[in-house]
1. Calculate, in whole percent, how much of the Cα-Cα pair population of region 141-215 lies beyond 21 Å.
2. Going by C-beta contacts inside 10 Å, put Glu460, Glu286 in order with the fewest on the left.
3. Sort Asp452, Asp294 so the one with the fewest other Cβ atoms within 10 Å of its own Cβ comes first.
4. Percent antiparallel among DSSP beta bridges with both residues in region 112-487, to the nearest 5?
5. Where the Cα atoms of region 112-487 are projected onto their three principal axes, how long is each span, largest first, in whole Å?
6. How many percent of Cα pairs in region 327-401 exceed 14 Å?
7. Grab the alpha carbons of region 205-358, take their convex hull, and tell me the volume per residue in Å³.
8. Hey, fewest Cβ within 10 Å first, where do Glu146, Glu238 land in order?
Amino acid sequence: MTGSRSGATLAQRWLAEANATLDPRTLAVRTNVAEASRLFSATFHEYENRHGDRIVHSESYSVPRSLQPHVAVLDTHEHQLMRLYSRLERRSSALSLEKREPTAPQSCTGDPGCLRDLYGTSSYAPKVPDRIRVGTANFNGEMTKESDFVTFMRQYRPDAVNVTLPIVPIDKRASQTMPSKGHAEATLDIELLASQVWPIKPIMYFAHGQPPVQSGASKLGRENEPFLHLFDYLLHLEDDALPSVLSISYADFEHTVPRKYAERVCQYAAVLGMRGMTIVASSGDEGLGSLHHDGCKIHGHRKFMPIFPASCPYVTAVGGTDGMIDEAVGKIPGKYVSGAGFSNLFSRPAWQDGVVQPYLDNVVKKSFAGLFGAGGRAYPDVAVRSVSFTEVLHGHNMTSSGTSGSAPLFASMVALFNDARVAAGQPLLGFLNPLLYSRLGPVPGGFIDVDDGTITSCGEAGFAAKPGWDVATGYGSPIFPALLPAVMNWTGACPPPPSPPPAP
């Protein structure tokens, strides 16, 4: 500002709604992208260089005409960042404007530290990390290079020392077929999980094999995962060797999985839950089944296509969101839409009745008639961030998106809940869904309520996110400190397995 008192007064009035601090020579403003866009008529983009360094920047700014004679310099400090992070290129379209004050810094996107801030786990230090086991499931010949994992941890968890990557092939065949190079899926899962829970040290479980595929679905089911083989291995472990949380970022279309096989996998999940293991699975990246208009068909008939094992009632299904302030349904147009839907194999469990039926009656009503089974288990149960995760792959910083990152992100919170319980002499949470629907969901301020967006896919607008529980994002995004008191002293028992509904 110039030395004019009237100019300073005008500026103060203009910034009355912003967090502004005035000194005799300058007017400093700290605000978010939405307010900055409105105040300066600016359009912000993210810029990224080949190393993955990013800043938020607008190529033009303006101030009200009445203020222009009083403004000497408009300094956004971006020139300093541009010098620090050279060769930045614009990487996305205009950032979506958010309305609510951020829980985490606006520009952190998928940085592991900012995710800890966003969901409130950064203030929690694990108390008994050596007594908590947490793992990721790995299939399809996908693996992580230890050198990438170590580089990632040094960069994003500098407090981590003596970093190693425990890999457990579940049998001789898995040992013989374990790949030597890293893959994006497996790498994202383990890096993200470790960055959120350290010094709890996660384990990669590697399974190899081809499960049975439903007759007539060999094309879609050719890459299905041997879930039963992995679960059988885990069931034979001693209790002290069993992971307290298993994160699964792989999924099969439910109709490609033989019914008896899916039922047995789900029964094994129930038994593992009773033994103290929480199974977390991603809800998929193709919305209701396909990003293509005519891609959703089951046995030749137009139907939404639920995925498995997210559709199993004994698995906690995790959907995806986007946005660091007001979270919305996670999606990247033409590339990714967070998965959601209703099972055709498993009936809606009793603990969902109180939230699913009102959503069907008041929101869905008669929409999508004949495309889904309203009596099936609804998923996801919760949803967390799913866009622009950071990972180190082949020695380079990369970004990736999808509920494949959402599953280990939520699993990390469950691992920390277990740490708090074990430190207090309480048992592991195990099967989580009854606790989630009876006690955690109603906690005031326990979740960021996602009420923006739809599961647009299959040529349909799709299920909408609405205030409260919805099939698009479940209860929304959990806030760790708000839920921790309710998690402590939970002693709920597992109900009997539900019977499957008639085939659609």
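A short reminder: the numbers here are calculations on the coordinates, not readings from a lab. Just so it is clear, the model here is predicted, and its values are computed rather than measured. FYI the Cβ positions are ideal-geometry reconstructions off the backbone, even for glycines, and counts take in every protein chain you see.
1. 31
2. Ranking Glu460, Glu286 by Cβ neighbours within 10 Å, fewest first, gives Glu460, Glu286.
3. Result, fewest neighbours first: Asp294, Asp452.
4. 50
5. Principal axes ranked by extent give 56, 47, 39 Å for the Cα atoms.
6. Here the long-distance tail beyond 14 Å is 70 percent of all Cα pairs in region 327-401.
7. Normalising the Cα hull of region 205-358 by residue number yields 147 Å³.
8. Glu238, Glu146
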